[in-house]
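This is the structure, below, for whatever I ask next.
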Amino acid sequence: MIRKFKTSSISERRVYLQPLASAFPCRLRLIGNCVVAQSVLPRPRLNEMIGVNVGFGLAIAFGVAISAKISGGHINPAVSLMFLSFRQLAPIRFVLYTLVQTAGAFVGSALAYAMYHEAINSFDGGVRAVVGPKGTAGIFASYPANHLGLFNGLLDQVCRGMIEVQLIGRALFMGGCRTAQRQSH
């Protein structure tokens, strides 16, 4: 397999590299989850959530930068769905990207849990809760606030996903324009 991989053409290697390049940035979720853990576990004031925003923003920026040239910067199944809907991604690649992105995000979250397992146990006494004063599930996923109903929670996630896709799409478009401009000179 190794010998065949070394002698294969660049286009054949991209078949293997593109999904892997899509999965690696999802593991950068580790950075975001660790930032959230640093914010949630000591229960700081609410205005200190800016660190979470900056930390996750940097993780996303690094993920897109790492994978943009190889796989197109798909760091989220919503981004891959956007590319599929504009026929910029084949359906089989969409399924493959979604699987490896989910696996990469799971690995990142599992690593964050392994790193903060003792701190989480100390914080909640080993009794896991999704929400409430000792809720720690928010470190690994977003959950609607207590006052938010099912429809508004779904709307929140859809709108958040649309904004993310627009920002990543714009960044990839601008990066593609700059690359094309450099290649034409």
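Bear in mind that the values in this text are calculations on the coordinates, not laboratory data. Predicted, not measured: the structure shown is a model, and the values here were computed from it. Cβ placement follows ideal geometry from the backbone for every residue including glycine, while neighbour counts extend to all protein chains displayed.
Please list, in chain and number order, the residues 5+ apart from residue 140 or on another chain whose amide H is under 5 Å from its amide H, with Hs placed from the backbone.
The list, which skips near neighbours in sequence, is empty: none.
Taking 7 Å along the Cα-to-C-beta vector as the label spot, tell me the residue 86-residue 103 distance in nanometres, rounded to one decimal.
Rounded to a tenth, the inter-label distance reads 2.7 nm.
In whole Hz and in residue order, list the ³J(HN,Hα) couplings for segment 132-137 that follow from phi through the Karplus curve 6.51 cos²θ - 1.76 cosθ + 1.60, θ = phi - 60°; x for Gly and Pro.
Those phi angles translate into x, x, 10, x, 10, 5 Hz.
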